[in-house]
Amino acid sequence: MSDDIRGMTAELAADPDSLVFLELGEALRRRGQPDAAFKVARTGLTRYPELARAHDLCARILCDRGERDRAFDAWVKALELDPGLVSAHKGLGFLYYQAGDLASAERHLAYAGQADPGDAGTAAALERVRAGRQPVPPSAPGPVAASGPPASAPVAPVAPVPESEAGPEPLAATAGLPFSFEEASASPVQDAVFAGLDGGTDGLLLVDSAGLRLGGGLRNPEGADVADSVAALLAGVSKEAARTARLLGLGEWGGLAVECGDGNLFLSTPTESTLLLTVRGLDIPMARVARFAERASLAARDWLERNE
Amino acid sequence: MTAAAELLDRLSTVRGIRGSVLVSAGDGLIVAESLMTGVDGRAVAALAASLVSRLRRATESAGRREPVFLQLHAAGGTVLAAPCGTELVLVAVAGPDANVGLARLEMLGVAGRLT
């Protein structure tokens, strides 16, 4: 057992409500332990049945185990909960392609490609689908953004189904998707929370106390969407910050400024139950990042009050 | 007195700094300390090391480089931390009246010498 898996297992044992099960399940899956991964994912899913990424994790593991119908259902559920979840779009695109439903595959892969333009595997898969070619299947559905490049994620090899043999018949469970592709790409929530502020869809991330994204967005320097994975980790950071301030007799914490080698991050608390991460480049001094975070906190508070 | 302790003593002369500790990042144990009475060095060490560890994971997940300096602002003061490589973390506890800018510069200088 690697140190990472051991550490995450210990963390989950100490705090069964921790969202570290997402990383642990993915790590086990990548190590080729789908049964252990599925056990972790299922347990997490019972605690967070409304967490899209938990369904997405289950789907990837099921896909590895060759249970594609169940994987399909899990990805559909993930998109019901979060219509913009890129990895679920990739997964469904993959399954539709496998089933020979190239039109549906194209829709999902096109969305994934648009949301994650740096993913060469998705771009290549989309090209294949559009060309109607068969020999090379699209890259497998990727892990959560924090865990590595999607193209390297192992998925049980399944021979592509030639369209001439499979015909346009979709998988048994594909009768209509319960979301609008166009609505998903609009991301109205992301636009609404920080409307008028620079970085409303990249560099401002509003998270609830359970580590779930409420609004905003975040991409890494390569352009990949890392909002959900960072959101999941922020809940732990926030608890640790609160514990540190309290136990050292400093009272309630109000902000956490983090200077990295290539950017400035500021974590604040718009309300008792929410966190706001502001990320800016090194060209913006930390004191200005903190002031900007204050304004964004006010916007987030207003938005939360309006939507309560 | 060790070189590390001398560096910590110098840091503690900055206005508002109540104490500083050099912490082992892996286990949160004190390597060297210079603290005013009333500051629990072991608690500072353990809590700061844990916070830095969590922040490392978060920044890594965001695709960012390692944290080089962090400030935890609270109603009654500030906790400052500067990782010194991957093994050590320099931590200082400051009161609300501290000159945080000067403390930051001193800490980054000390961290550079200890890395």
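The values are calculated or read from the model by the stated rules, or taken from the named source; none is laboratory data. Owing to the predicted nature of the structure, the values given are computational and were not obtained by experimental measurement. Every residue, glycine among them, receives a Cβ derived from its backbone with ideal geometry; neighbour counts consider all protein chains shown.
Laid out as a table, the results:
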| item | result |
| --- | --- |
| Residue ID - surrounded by the most Cβ atoms within 10 Å (Cβ to Cβ), chosen from residues in segment B:55-67 that are part of a helix (DSSP H, G or I) and either among the polar types (S, T, N, Q) or within 15 Å of the chain's Cα centre (by Cα) (or both) | B:LEU55 |
| Counted residues, segment A:222-264 - those being assigned to a helix (DSSP H, G or I) and at the interface with another protein chain (Cβ under 7 Å from one of its Cβ atoms) | 12 |
| Residue list for segment A:42-61, filter: touching a residue at least 40 places away in the same chain (Cβ under 8 Å), closer than 14 Å to A:LEU12 by Cβ and crowded, with 23+ Cβ neighbours inside 10 Å | A:LEU57 |
| Residue that is within 19 Å of A:ALA235 (Cβ to Cβ) and not assigned by TED's automatic domain parsing to the domain that holds A:VAL226, where the choices are A:ASP64, A:ASP15 | A:ASP15 |
| Some residue of segment A:281-297 being in a loop (DSSP other than H, G, I, E, B) and in contact (Cβ under 8 Å) with a residue 60 or more places away in the chain | no |
| Among the candidates B:SER24, B:SER50, residue that is hydroxyl-bearing (Ser, Thr, Tyr), modelled with pLDDT of 90 or more, in contact with a helix residue (DSSP H, G or I) (Cβ under 6 Å, 6 or more places away or on another chain) and within 30 Å of A:LEU276 (Cα to Cα) | B:SER50 |
| B:ARG10 over 17 Å from B:VAL89 (Cα atoms) and of a type in the set (D, E, K, R) | no |
| Selected residue [in contact with a helix residue (DSSP H, G or I) (Cβ under 9 Å, 6 or more places away or on another chain), surrounded by fewer than 21 Cβ atoms within 10 Å (Cβ to Cβ) and more than 21 Å from A:ALA227 (Cβ to Cβ)] from A:ASP101, A:ASP64, A:ASP4 | A:ASP4 |
| Lone unmet requirement of (1) within 18 Å of the chain's Cα centre (by Cα); (2) farther than 27 Å from A:GLY118 by Cβ; (3) assigned to a helix (DSSP H, G or I); (4) not polar (S, T, N, Q) for A:GLU50 | (3) |
| Residues located in segment B:72-98, provided they are within 7 Å of another protein chain (Cβ to nearest Cβ) and over 9 Å from the mean Cα position of the chain (by Cα) | B:LEU72, B:HIS73, B:ALA74, B:ALA75, B:GLY76, B:GLY77 |
| Some residue of segment A:252-268 being modelled with pLDDT under 90, outside the structural domain of A:SER87 (by TED's automatic domain parsing) and more than 30 Å from A:GLY113 (Cα to Cα) | no |
| Residues of segment A:263-274 classified as touching a strand residue (DSSP E or B) at 6+ places or on another chain (Cβ under 9 Å) and more than 19 Å from A:ASN220 (Cα to Cα), total | 5 |
| Residue check for A:LEU233: assigned by TED's automatic domain parsing to the domain that holds A:ARG295, hydrophobic (A, V, I, L, M, F, W, C), out of contact with any strand residue (DSSP E or B) (no Cβ under 6 Å at 6 or more places or on another chain) and free of Cβ contacts under 8 Å to residues at least 12 places away in the same chain | no |
| Residue tally, condition under 24 Å from the mean Cα position of the chain (by Cα) and either among the charged types (D, E, K, R) or farther than 14 Å from A:LEU214 by Cβ (or both), over segment A:273-286 | 4 |
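Conditions (1) within 11 Å of another protein chain (Cβ to nearest Cβ); (2) closer than 30 Å to A:VAL230 by Cβ, marked per residue:
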| position | (1), (2) |
| --- | --- |
| B:ARG18 | yes, no |
| B:VAL21 | no, yes |
| B:LEU35 | no, no |
| B:GLY38 | yes, no |
| B:ALA46 | yes, yes |
| B:LEU55 | yes, yes |
